[in-house]
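Student: Structure provided below as structure tokens; questions to follow.
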Amino acid sequence: MPSREKVVSLRDAAARIPPGARVAFGGNIMRRQVNAFARELIRQRIGDLTIYSFAGGFAVDMLAAAGLLKRYEGVYAGLFWHGLAPSFRRGVEAGAIEVRDYSESAQVARFQAACNGNSFMPIRALLGTDMAKQDPEITVEMTCPFTGRSYTAMRAIEPDFTVIHGYTADAYGNVQWPLARDADDVDQIIARGSNRLIVTVERIVPHEEVKANPHLTYIPSQWVEAVVEVPFGAHPLACDTVHDEDEEAIRAYAAAGRTAAGAADYLDKYVHVGSHEAYLDAFGGLAALKARLGVGR
Amino acid sequence: MSAATIPEIITIALAKSFADHEVGFTGLVTGAAAMLYGTSIPLAAMMFAKLTHAPNLTILLAGWSHNPDLASLAALPDQEFDSTLLDLPCEAQTVRYPGQFSFKRGHVDFGFSSGVQLDVTGSLNSVVIGDHARPKVRLVGPILQPEHMTIFRREYVMLPHHTARVLVEKVDYVSGVGYPGGLAGRAALGIPEGGPEWVVTPECIFDFDKEAGRIRLRSIHREERRGELAGVTGFALPDLEDAPATPEPTAEELDLLRRVVDPRGLLLGRAPEH
Amino acid sequence: MASASFLPPRRTIPFPDRKVVTMAEAASLVPDGARVAIGGFANYQRPMAFVRELVRQRRRDLTVVGTVSGIEVDMLAGAGALKKVETSYVGLEKYGLARNIRRRNEAGTVEIVDYPEVLSFDRFRASRENLTFWPSAYLGGTDILTHNPDIKAFDCPLTGRKLYAVPPADPEVVVIHAGAADEAGNVLWPSRRLMPQELDLDTAQSAEMVIVTVEKIVSNQFVRRNPTLNMLPAYRTAAIVEAPCGAHPTPTLGRFVIDDAHMQAYVAASASDEAFDAYLDEWVRGTADHAAYLEKLGAAHVMRLQEIATI
Amino acid sequence: MSAYTTNELMAAAIAREIEDGDLIFVGVGTAGRAFTLAVGLPVVASRIAQASHAPDASIYWGNLLTPDLSRMPEAWLQDAFTTWPCAAQLQETSQKIDMLGKARFDISFESAAQVDRYGNLNITRLDRPDGSLKTRLVGCLAQPEHLAFVRKPIIVMDLDPRRFVPDVDYVTSFGYRRGGTRREQYALPGPGPQRVVTDKAVFDFAGEDNVMRVRSLHPGVTLDEVTAAMGFAPAVAPDLAETPPPAAETVELVRTVIDPDKKLLRV
């Protein structure tokens, strides 16, 4: 059995990311974004970042608020019914953040190409759109060698680091999900195409627990470089089946972000507080959050 | 029985356009008005179709829950988005990507989408207002919109607000392709199939002269609004005078809709009548 | 417009009023010369009752597109039903080479088109994603390229690197064997499953005409109680056939183990055309249908092959 | 009983090639000697390595990642694999094949109907001198991917002049060179076959042309015996050594713990 335990602190995990790194984030809109990890990046002021995601928003917006985001490539950056991502939007509209927009199947094709070691994958959904013209380094029109059919070739995403927030893992980094779960994300594909993968999880569990249900392991330890126990690591967003999103906290974030000064105040009050535990304390602590948001599964 | 509301009129019109055995895909759209048009009306329309002429229609709620038992919903999923949907009884749950259906293969017959701008060719924008590199307004991003407009077999564009800022001559950014250059233009882009079928607003339903690649008025919901329509639309409406009224639901249809499809008014916002 | 569409036709066969059909009706959906994918992996969970019915109906000139092929193509080859197989492996694993197909391939009457295993899977992914080619970077230097004219070199449009385009699997009909389905055609999979079952799911997504033979027909209520197990919803299936022990002599997950004695008998019979013809006369053509086949096997024999379900 | 068997010697030799942390791809073997070569020796070697210098080495076997090898099923039936405790039971075929394509495997084991001096492997067909098909074999499985993507493919075969041939009839999997074409030309991410472990000697691939080279002779075997069992003359390492015999405790471990019923090293 594997003997190399990979559990590290959130601080040590984030410190592995150098400034200027290209990092893929897991999660989707209101679920399992790597928010605790992003807050730690902000505490350590690791900037000049390029972030790749599927449908993202919250984590990227915090990085934008802290002035650490150079470029974003993804399918969505918003706060769902809490509106647009305010700091991200401000940064983009000021020309401070570069964006490459791709649709879901286009961005998944890029992650998938990395998974199977290809330089690109062909797709059809971007034909005729302005997304196909944004960046010739990433998208090129091509024709099928057999049929002549038109495609857009999507360049593989080869990130320096990938960060995923998962449900549970053992100390070796076997990450598991529940059988019934929300599925509108591509965390497993993003993890599969990773080069250096860091996983934060709600809870570290004994290896024996993993072995009893190995079909629930969606990220095997062999892909994982470091695993971090971060309860409520997606807060204020949800970790489906563990806890729901914290509507009140998201509203407060969205409201604070309306101005740059408000966003900075928010970071001072909630992020620059020393640690994830101190962040949770600002919401009454872990026990209170569990009581308020836990769905008791 | 009280007269049909506009959401009810739209619901029945949509329902009648679905065929048996088709697969319909709704997203889960945010915001009250957007949710009504993007999620609730489509769900009500598909359920109505299943109860009438299309019993084998498959409802894909958020691409995730197959044929959900909507009657068991106590509230529309909003506050408890995740756990509500997770517990909703259904026939299948998509638990991984791409899951049980492959939209790239054409498994989805029709979908519903929205955007902040729609133009005369049917192209849709949900990315930016203004220039992309230095936008006036930065929006959320394209999400699944390009797929809706290409590899879904047909698309219903659902616009909760009918204004001249939404319905424009030319979108600032094409994130979903309509019929630029008509069907020939679409084919030249490599997408001979799919595309917007209808554009549904609180005022009217548009469809397309697909050969010419131009939007046209299909029907108007309220006769008394005919005179106002040109003023709230950002492109010319040459067929304004000829467009018929959107059909009024019959009493039986309304009864089925109110009593069986949406007994609590969760979808179409009507209080139960007893 | 429809004819120019790049999307596969949504309906390749009319949907019957009832999705549950007999094995003979289901097999008749496969015409002579059809391009077929057959579920399972090596010698695991093959829809053998369906294959036997194809033999009974004297199907001819089939092309099987597979990944890791076994007894299912060997039987079709031995029955003279097979024209071509595109795959990464044809064999019977611990029972040795697949002798019927080997004999016919060496005689030039059955063509085998070789694909590496990973690309043989990717070809089904390509069909699922509606791609007319799948890019691959690593075939250079192999004779797979020299012997397979269907693979074509091209230059990567982004990097300029030499790549190889592999054609999609594109089966016209997919047949798989599963545990349970309801009358509407929703098919359930156990949550703990292995490669053969996973591969079946991928295979089933590569075509519109998907025929599923199942151990048992269950109620729609049963399906709704287990929505996470429904990996193949009703709109993805064209026909359902109830065929208990329908993978015999290959195993079915959680239901039956491999019939070792029968496999040995099969292998012995496949030593010559004459002996195999006698096998087919006895076990396939000599049994009217799957029920008769089971009866010939005998209840005591079948019951001994049962496995305690793990799920 | 002798101090060790040839199988035990081969397993120990393979185990020395395994490094700590390696992810090892084990195929699903067939029967008889082929099973020993493809599954038995690799699994025994992995466990020897785990018990000594490579505790963090793990294997992929039959859709399972890191199966608990101390709780080996009594029979390798399908159900046994389904319920075997392991760290991960891959739920999509695309996961496994993407792991190959993403070059996540460190070690794989290969055997073939033919191997040539450049490490080209043939498991597809044997031809007559005129190039026409003589014998149809199984196909190609994932072997081309192994030689393209795996960091350290190890060829495990018994020496036999009909198998170790000057030039394979068909290149199922590309080694280092074929005719005038060299491996570099194809920009394959993996380095190519690294070792050949046989019943008589261990080889590597050395020199500018990466030709198969005898690296060590098993105890009691002469170089003449080795070359007589091959269809081509291998290169010979200048420091040709004796393959180290397995330590007594390794043999003990194999016989009492790893494979007491001789299910893995039967033949």
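The values are calculated or read from the model by the stated rules, or taken from the named source; none is laboratory data. The structure displayed is predicted, hence computed values, not measured ones. Don't worry about glycine lacking a Cβ; one is built from the backbone with ideal geometry, like all the others, and counts go over all protein chains shown.
Student: So which of D:Ser94, D:Ser70 is farther than 14 Å from D:Ile24 by Cα, crowded, with 22+ Cβ neighbours inside 10 Å and within 13 Å of chain A (Cβ to nearest Cβ)?
Tutor: D:Ser94
Student: Among strands (runs of 3 or more DSSP E) lying entirely in the stretch D:109-205, which contain 2 or more residues that are within 14 Å of another protein chain (Cβ to nearest Cβ) and either in contact with a strand residue (DSSP E or B) (Cβ under 7 Å, 6 or more places away or on another chain) or among the basic types (Lys, Arg) (or both)?
Tutor: D:125-127, D:133-136
Student: Another question, if that's okay. Among the candidates C:Ala265, C:Ala299, C:Ala269, which residue alone is surrounded by fewer than 14 Cβ atoms within 10 Å (Cβ to Cβ) and in the same structural domain as C:Ala77 (by TED's automatic domain parsing)?
Tutor: C:Ala299
For (1) among the hydroxyl-bearing types (Ser, Thr, Tyr); (2) surrounded by 19 or more Cβ atoms within 10 Å (Cβ to Cβ); (3) out of contact with any Ser or Thr (no Cβ under 9 Å at 6 or more places or on another chain), each residue gets a yes or a no:
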residue	(1), (2), (3)
A:Ser221	yes, yes, no
A:Ala238	no, yes, no
A:Tyr279	yes, yes, yes
A:Leu293	no, yes, yes
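Student: Hey, another quick one. Could you say which residue among A:Arg71, A:Arg45 is modelled with pLDDT of 95 or more, basic (Lys, Arg) and in contact with a strand residue (DSSP E or B) (Cβ under 9 Å, 6 or more places away or on another chain)?
Tutor: Just a single option satisfies the conditions, and that option is A:Arg71.
Student: Can you spot a residue in the stretch A:26-42 that is in the same structural domain as A:Tyr253 (by TED's automatic domain parsing), under 19 Å from B:Val127 (Cα atoms) and under 8 Å from the mean Cα position of the chain (by Cα)?
Tutor: The answer is yes, given that some residue of the stretch A:26-42 is in the same structural domain as A:Tyr253 (by TED's automatic domain parsing), under 19 Å from B:Val127 (Cα atoms) and under 8 Å from the mean Cα position of the chain (by Cα).
Student: I'd like the full set of residues that are more than 10 Å from every other protein chain (Cβ to nearest Cβ) and touching a strand residue (DSSP E or B) at 6+ places or on another chain (Cβ under 8 Å), limited to the stretch A:54-63.
Tutor: The answer is A:Ala59, A:Val60, A:Asp61, A:Leu63.
Student: Within the group A:Val92, A:Val99, which residue is facing chain B (nearest Cβ under 10 Å), aliphatic (A, V, I, L, M) and assigned to a strand (DSSP E or B)?
Tutor: A:Val99
Student: I'm trying to understand the selection: among the residues of the stretch C:140-165, which are surrounded by fewer than 18 Cβ atoms within 10 Å (Cβ to Cβ), facing another protein chain (nearest Cβ under 8 Å) and in a loop (DSSP other than H, G, I, E, B)?
Tutor: Selection gives C:Thr159, C:Arg161.
Student: Sort through B:Val120, B:Val128 and tell me the only one that's crowded, with 24+ Cβ neighbours inside 10 Å, farther than 30 Å from B:Ser65 by Cβ, in contact with a Phe, Trp or Tyr (Cβ under 9 Å, 6 or more places away or on another chain) and more than 14 Å from chain C (Cβ to nearest Cβ).
Tutor: Answer to the check: B:Val128.
Student: For C:Ala181, indicate whether it is crowded, with 23+ Cβ neighbours inside 10 Å, in a loop (DSSP other than H, G, I, E, B), more than 11 Å from chain A (Cβ to nearest Cβ) and modelled with pLDDT of 95 or more.
Tutor: no
Student: A follow-up question, please. Taking the stretch A:108-141 as the search range and keeping residues that are part of a helix (DSSP H, G or I) and in contact with a strand residue (DSSP E or B) (Cβ under 8 Å, 6 or more places away or on another chain), which one is nearest to the other protein chains (Cβ to nearest Cβ)?
Tutor: A:Met131
Student: Can you tell me which residue among A:Glu202, A:Glu209, A:Glu137, A:Glu141 is touching a Pro at 6+ places or on another chain (Cβ under 6 Å) and among the acidic types (Asp, Glu)?
Tutor: A:Glu202
Student: Of all residues in the stretch C:96-105, count the ones that are surrounded by fewer than 22 Cβ atoms within 10 Å (Cβ to Cβ) and farther than 14 Å from D:Lys134 by Cα.
Tutor: Result for the stretch C:96-105: 2.
Student: Could you list all residues from the stretch B:90-99 that are within 24 Å of the chain's Cα centre (by Cα) and either of a type in the set (Phe, Trp, Tyr) or at the interface with chain C (Cβ under 9 Å from one of its Cβ atoms) (or both)?
Tutor: Within the stretch B:90-99, B:Cys90, B:Glu91, B:Ala92, B:Gln93, B:Tyr97, B:Pro98, B:Gly99 meet the criteria.
Student: Ok, one more. Can you tell me which condition D:Thr6 does not meet? The list is (1) surrounded by fewer than 21 Cβ atoms within 10 Å (Cβ to Cβ); (2) over 30 Å from B:Tyr97 (Cα atoms); (3) out of contact with any Asp or Glu (no Cβ under 6 Å at 6 or more places or on another chain), and all the others hold.
Tutor: (3)
Student: If you scan the stretch A:135-156, which residues turn out to be within 15 Å of A:Gly74 (Cα to Cα) and of a type outside the set (Gly, Ala, Ser)?
Tutor: Within the stretch A:135-156, A:Asp135, A:Ile138, A:Thr139, A:Met154, A:Arg155 qualify.
Student: Quick check on the stretch A:192-210: of everything there that is surrounded by 22 or more Cβ atoms within 10 Å (Cβ to Cβ) and within 10 Å of chain D (Cβ to nearest Cβ), which residue is farthest from the chain's Cα centre (by Cα)?
Tutor: Out of the qualifying residues, it is A:Val210.
Student: Considering only the stretch D:1-23, state which residues are part of a loop (DSSP other than H, G, I, E, B) and out of contact with any Pro (no Cβ under 6 Å at 6 or more places or on another chain).
Tutor: If the condition is that a residue be part of a loop (DSSP other than H, G, I, E, B) and out of contact with any Pro (no Cβ under 6 Å at 6 or more places or on another chain), then D:Met1, D:Ser2, D:Ala3, D:Thr5, D:Ile18, D:Glu19, D:Asp20, D:Gly21, D:Asp22 are the ones that fit.
Student: Residues of the stretch A:107-120 being in contact with a helix residue (DSSP H, G or I) (Cβ under 9 Å, 6 or more places away or on another chain) and more than 14 Å from B:Tyr97 (Cβ to Cβ), which ones?
Tutor: Hits for the stretch A:107-120 are A:Ala114, A:Asn116, A:Gly117, A:Asn118, A:Ser119, A:Phe120.
Student: Does the stretch C:18-33 contain at least one residue that is surrounded by 15 or more Cβ atoms within 10 Å (Cβ to Cβ), within 11 Å of another protein chain (Cβ to nearest Cβ) and modelled with pLDDT of 70 or more?
Tutor: yes
Student: Right, C:Val36: assigned by TED's automatic domain parsing to the domain that holds C:Glu282 and modelled with pLDDT of 95 or more or not?
Tutor: Answer is yes for this residue.
Residues checked against (1) touching a residue at least 60 places away in the same chain (Cβ under 8 Å); (2) crowded, with 23+ Cβ neighbours inside 10 Å; (3) more than 18 Å from the chain's Cα centre (by Cα):
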| residue | (1), (2), (3) |
| --- | --- |
| D:Arg125 | no, yes, yes |
| D:Lys134 | no, no, yes |
| D:Pro144 | no, yes, no |
| D:Ile155 | no, yes, no |
| D:Asp160 | yes, no, no |
| D:Val171 | no, yes, no |
| D:Gly180 | no, no, yes |
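Student: Inspect all residues belonging to the stretch C:113-132 and state whether any of them is farther than 30 Å from B:Ile151 by Cα, acidic (Asp, Glu) and in contact (Cβ under 8 Å) with a residue 12 or more places away in the chain.
Tutor: Yes, because at least one residue in the stretch C:113-132 is farther than 30 Å from B:Ile151 by Cα, acidic (Asp, Glu) and in contact (Cβ under 8 Å) with a residue 12 or more places away in the chain.
Student: Continuing with this model, one more query. Of everything in the stretch C:61-81 that's part of a loop (DSSP other than H, G, I, E, B) and out of contact with any Leu (no Cβ under 9 Å at 6 or more places or on another chain), which residue is surrounded by the fewest Cβ atoms within 10 Å (Cβ to Cβ)?
Tutor: C:Gly80
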